[in-house]
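Comments concern the structure below.
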Amino acid sequence: MIPSRPPKLPLSTLSLTHSSFTFFSSLFSSNPKPKPLPMRSSLSLLRSLTLSLSHHHYHPTHRFPRPISGFPLAVAAKSRRVLALPSSSTFVEHLSGEASQPGENWDLSNVAQGEAFDLDKCFSSADLKHLAVPELEVPELEDLPEQWRRSKLAWLCKELPAHKAGTLSRILNAQKKWMRQEDATYVAVHCMRIRENDVGFRVYKWMMQQHWYRFDFALATKLADYMGKERKFSKCRDIFDDIINQGRVPSESTFHILVVAYLSASVQGCLEEACGIYNRMIQLGGYQPRLSLHNSLFKALVSKPGTSSKHYLKQAEFIFHNLVTTGLEIHKDIYSGLIWLHSCQDTIDKERMTSLRKEMQQAGIEVGRDVLVSILRACSKEGDVEEAESTWLKLLQLDVGLPSQAYVYKMEAYSKIGEPRRSLEIFREMQEQLGSANAAAYHKVIEVLCKAQEVELAESLMTDFINTGLKTFMPSYIDLMNMYFNLGSHDKLESAFFQCLERCRPSRTIYSIYLDSLVKVGNLDKAEEIFDQMQSNGPTGINARSCNTILSGYLSSGDYVKAEKIFDLMCQKKYDIDSPLMEKIDYVLSLSRKVVKRPVSLKLSKEQREVLVGMLLGGLQIESDEDWKNHMIRFEFSENSSTHSLLRRHMYDQYHEWLHPSCKTSESTDDIPYKFSTISHSYLGFYADQFWPKGRQVIPKLIHRWLTPCALAYWYMYGGHRTSSGDILLKIKGNEEGVEKIVRALKAKSLDCKVKRKGRFFWIGFLGSNSTWFWKLVEPYILDDLKHLLKGGQISDNSAVETENVNFGSGSDTDENASESDHTDNDNNL
C-alpha cells in the first residue's frame, strides 16, 4: 500500500558551525519579500518540528537524505571548481543602456543564454532523477476484492476527465457513501498517469474535505511535482503549503520544481517567491540544491530591468555562498554578475569587489570587459579618478572596443572632483571614437555642465542633442531649468519649459521648477494657472512642494483668502507645511477664525468613492485586522504595464492623505512605488464589508447603484483590456449572480455586453459598436495620458496574454483551461 508518512528529521542535522550561523544571520536582515526565516528561527522551527514528529510512530529507517550543511567558507573554497566560458556568453550586457539614465538605469534585460543558465534544464529528467522522492504505491484495479468497487472506480476514471469543475465536484459528492481514502487516491493517481493533472488536483482537494481524509505525503509530493512541471506554480504552492501545515518538510524535488516554476512565470512577485522557497529549501529542508537551480535563480536576479536588480544583492551573495560551501562549479558569469550588483549599490563595498576579483584571478578566470566596466561604474560613484584611469587603460588593452557606458562613467568620475571641462573632452572623444554619442552620454555631459553653470556649453550641447533625432530629452531639460533657476534667468527657464512640453510628456518636476520660478519673480497669476493645471492633470498632480510654493506666494503678496484655501487643501491631503510658512499662516488664520481647526478625521470625497469602486471591481485588495474593525487598501500595479505605470501616479496623489507613512516618498523624487497601501482605518469598513467580506472578493448586492461612468472608467484603466479588433473587455472575480446584476445595470445604460467565464474570473465584453458606446461613456474620466492607449484602434497592454483565448462564442472554461488559473487569488495585476 501507500507509504503516507515522510521520513523523520533527526536532531543531529541541526549542527552548524558558528561562522555559518553568523553569515546567515547577517545575510537575511534585508532579503527580498517574502522574507525567509532567519537561521535562528529556522533552527527553533526544526527543533519543534522534530519534537512534534517524535510523537508519531515512523519507520525507524527513514531519514532525510542530507543534513543541513555548515561547511566553513575557508574549507569549502578549496574544493571549488570553476567553469569558464567564452566572454560572449556573459550576461552583463553593458551595451544595452542606450535609452537609459547614465550610470543608473542600464537595461540588462538582454541576457545571453550561458550553458549553465539554461532554465529548461532544471526540469529535465537528468537534473531531477537523482532527487529523493517518496515512493507512492497504489494497488492495481484487478487487486481490489469487490467487483462493484472496481466497476465504480473504472467509471470514475473514465468520466471525471471529461467534465468541468462544477460537474466533477457533483459527481464526487454523489460517491460519498462508498468512497474511501484508497479509492480517491487511486482515482487521483490514475489522472496523473494519463496526464490529467488538473483533474487529479481537484480530486485531491475534494479528498481533503472528507471526514475520512488522512494526509498522504507521497501523494501530495507526486501531485505537487506534476503541477510544478506544468508551470502551474499556484497549485504546486497550494500543495506545498499543505505539506508544511501538516508539520512535514517537503521533498527535495518539490522544492526544486516549485522554484523553477516560479522562475518560469512572468507574473509580478514570482521572483521574490522563488527566492523564499530557495532559502527555505536550504534552511528548513537541509537540502543542497542542484547547480542548475543556483545558476537559474542567479540569472533571474541579475536579469531584472533597470536598477531593480540592486535590491537582490543579499540574495545573490547567499547563492554565491551556497555554491562555495557545496563545492559546485562556479560559472564566470556568477563572479561578473556579483561584481556588477555591487557596482549598482548606492554605497559601494570596494573591499568585497576587490576580493571577488582576486578570487577570479586565483581561479584562472580573466577579468573581462564586463567586470572592468562595473569597476569603472563604482569609481564614478565615488569620484576615484585614479582607479578609473587605471581601469580605462585595462579596457584599452583588451582591444575589444569600449562600450558607451565606459565613457559616461569616466565623465561622471571627473565631474565628482570638479572638472567639467575634462568631462566634456571625454564626451568629444566618445563622438570621435564611436562615431556618435547616445542619449545617456548627452544626459550626463549636460548634467555636468549645468551643475558647473557652463551656460553656453550646456545650451550648445542641448541643441546638438535635439538635432540628433534621439529621444528622452526630459532629464536634460530638468538640468537646464535648474541651472536657469539658480542663475535667476526666468525668461530662459520659461522658454525651456515650453520647449520641453512640445517634445516630452508632462512631468511634475518641470512644472514644479517653473512654478518656483514664477513665484520667485512675483507672477502669481501665471503661477496660479500652472498650479491649477498641475492639479487637474492626473499624471502630473500636485505635491507638498508645489503647495508650499504657491502658499508662500500668496502669503508674501498678502492674498490671505487664497492662502487659506491652499492651507485647507494641504490639511486635507496631509501635506507638511514648511516651518517658516506655518508661523505666517497661523497669524493669518487667527485674524479670520476664532479657533484654528485643523481637520483630523479622514473622509473620502465623492470622486474618491467612485474611483475606489472602479478599482475594487478591477481587483484592488482590502485587508482587515483580526477584529474586523480597521481596514487597509493595498494598491498594486504591474511593472510590465504602461497603463498601470501612469495610473499609479494618479492613484498615489488621489489618496495621498490616506497613505501609510512608510509608503510616502520624499518630495525630491518622482519615483512612485508600484505597491503602496493606506493606513488601517475604520472608515473603510463599508468597502471591506461590501467587496471583501471575510477576506474573500465578492460582487456587492447593490453594485448596480454604484456603476457610475467614473467607476467604469477606473475599472477599465485598472482591470480592462482592448483587443486588436477594438473590443473592450473588463475582468472581474465573483459569482454568476453578481455578474448578472452588473450586466443588467449596464444594459440600463444602453450598453449591451457578453459574459465569458474563464477559470475563477469572468470577462465582460463590449463587442463591435458597443465598445464605441462604452468609450463615449467613460472617456471624460479617462486620464489624459491614457486616452491614446485605451482609445479605439490602440491595443492596451493590460492582460494581453490572458485575453488571447477569450472567445465569447464558446461556453465557459474551467480552471484547467484558463490561462490565469495558475495565478494566486491575490494576483490582481492585469
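Listing for the model above:
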read-out: Test: residue in the stretch 356-364 that is of a type outside the set (S, T, N, Q), touching a residue at least 60 places away in the same chain (Cβ under 8 Å), out of contact with any Cys (no Cβ under 9 Å at 6 or more places or on another chain) and over 24 Å from residue 315 (Cα atoms); value: yes
read-out: Residue list for the stretch 457-492, filter: open to solvent by 40 Å² or more (accessible area, probe 1.4 Å), in a helix (DSSP H, G or I) and of a type outside the set (Lys, Arg); value: 457, 459, 460, 463, 464, 466, 467, 482, 485, 486, 487, 491
read-out: Every residue from the stretch 709-730 that is out of contact with any Pro (no Cβ under 9 Å at 6 or more places or on another chain), farther than 19 Å from residue 649 by Cβ and touching a residue at least 24 places away in the same chain (Cβ under 8 Å); value: 711, 712, 721, 722, 723, 724, 726, 727, 728, 729, 730
read-out: Among residues of the stretch 509-543, those that are in contact with a Lys or Arg (Cβ under 8 Å, 6 or more places away or on another chain) and part of a helix (DSSP H, G or I), counted; value: 4
read-out: Selection status of residue 617, out of contact with any helix residue (DSSP H, G or I) (no Cβ under 8 Å at 6 or more places or on another chain), part of a helix (DSSP H, G or I) and hydrophobic (A, V, I, L, M, F, W, C); value: no
read-out: All positions within the stretch 493-517 that are free of Cβ contacts under 8 Å to residues at least 24 places away in the same chain and surrounded by 17 or more Cβ atoms within 10 Å (Cβ to Cβ); value: 494, 496, 497
read-out: Pick from the stretch 518-558, criterion modelled with pLDDT of 90 or more and β-branched (Val, Ile, Thr), ranking: most open to solvent (accessible area, probe 1.4 Å); value: 521
read-out: Condition check for residue 744: open to solvent by 50 Å² or more (accessible area, probe 1.4 Å), touching a strand residue (DSSP E or B) at 6+ places or on another chain (Cβ under 8 Å), of a type outside the set (Phe, Trp, Tyr) and farther than 22 Å from residue 633 by Cα; value: no
read-out: Residue within the stretch 417-440 that is touching a residue at least 60 places away in the same chain (Cβ under 8 Å) and under 20 Å from residue 483 (Cβ atoms) present; value: yes
read-out: Scan of the stretch 213-237 for residues that are open to solvent by 50 Å² or more (accessible area, probe 1.4 Å) and closer than 16 Å to residue 274 by Cβ, ordered by number; value: 229, 231
read-out: Residues being more than 19 Å from residue 397 (Cβ to Cβ) and either out of contact with any strand residue (DSSP E or B) (no Cβ under 9 Å at 6 or more places or on another chain) or assigned to a helix (DSSP H, G or I) (or both) - total across the stretch 354-376; value: 6
read-out: The stretch 360-387: number of residues that are crowded, with 24+ Cβ neighbours inside 10 Å and not hydrophobic (A, V, I, L, M, F, W, C); value: 3
read-out: Contacts under 6 angstrom Cβ, first residue in the stretch 199-227 being within 20 Å of residue 162 (Cα to Cα), partner open to solvent by less than 50 Å² (accessible area, probe 1.4 Å) and outside any helix (DSSP H, G or I), 6 or more apart; value: 207/213
read-out: Filter pass, residue 172 being surrounded by fewer than 23 Cβ atoms within 10 Å (Cβ to Cβ) and modelled with pLDDT under 90; value: no
read-out: Residues (among the aliphatic types (A, V, I, L, M) and more than 20 Å from residue 762 (Cβ to Cβ)) located in the stretch 670-705; value: 672, 679, 684, 688
read-out: The listed residue being in contact (Cβ under 8 Å) with a residue 12 or more places away in the chain, closer than 30 Å to residue 762 by Cβ, open to solvent by 70 Å² or more (accessible area, probe 1.4 Å) and not in a helix (DSSP H, G or I), out of 607, 623; value: 623
read-out: Test set (1) out of contact with any helix residue (DSSP H, G or I) (no Cβ under 9 Å at 6 or more places or on another chain); (2) assigned to a loop (DSSP other than H, G, I, E, B); (3) at pLDDT below 55 - residue 126 fails condition number; value: (2)
read-out: Exclusive hit being under 25 Å from residue 698 (Cα atoms), modelled with pLDDT under 75 and open to solvent by 50 Å² or more (accessible area, probe 1.4 Å), set 805, 798; value: 805
read-out: Qualifying positions in the stretch 267-305 - within 21 Å of the chain's Cα centre (by Cα), open to solvent by 20 Å² or more (accessible area, probe 1.4 Å) and over 23 Å from residue 243 (Cβ atoms); value: 268, 299, 300, 303, 304, 305
read-out: Residue ID - modelled with the lowest pLDDT, chosen from residues in the stretch 143-169 that are within 15 Å of residue 189 (Cβ to Cβ) and open to solvent by less than 60 Å² (accessible area, probe 1.4 Å); value: 144
read-out: The stretch 679-737, residues that are outside any helix (DSSP H, G or I) and more than 28 Å from the chain's Cα centre (by Cα); value: 700, 701, 702, 706, 707, 708, 725, 726, 727, 735
read-out: Filter result (among the β-branched types (Val, Ile, Thr) and outside any helix (DSSP H, G or I)) within the stretch 232-274; value: 249, 267
read-out: Residues that are among the basic types (Lys, Arg) and more than 34 Å from the chain's Cα centre (by Cα), drawn from the stretch 444-463; value: 451
read-out: Any hit, the stretch 176-196, residues being within 18 Å of residue 244 (Cβ to Cβ), over 33 Å from the mean Cα position of the chain (by Cα) and open to solvent by 70 Å² or more (accessible area, probe 1.4 Å); value: no
read-out: Top-ranked residue of the stretch 388-421 - restricted to ones that are of a type in the set (A, V, I, L, M, F, W, C) and closer than 24 Å to residue 347 by Cβ, ranked as most open to solvent (accessible area, probe 1.4 Å); value: 417
read-out: Verdict on residue 343 being within 21 Å of the chain's Cα centre (by Cα) and not charged (D, E, K, R); value: no
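The values are calculated or read from the model by the stated rules, or taken from the named source; none is laboratory data. This structure is a prediction, so every number in the text was calculated from the model and none was measured. Every residue, glycine among them, receives a Cβ derived from its backbone with ideal geometry; neighbour counts consider all protein chains shown. Accessible surface is based on the protein model in full, side chains and every heavy atom, while ligands, DNA and RNA are left aside. Shrake-Rupley method; radii C 1.70, N 1.55, O 1.52, S 1.80 Å.
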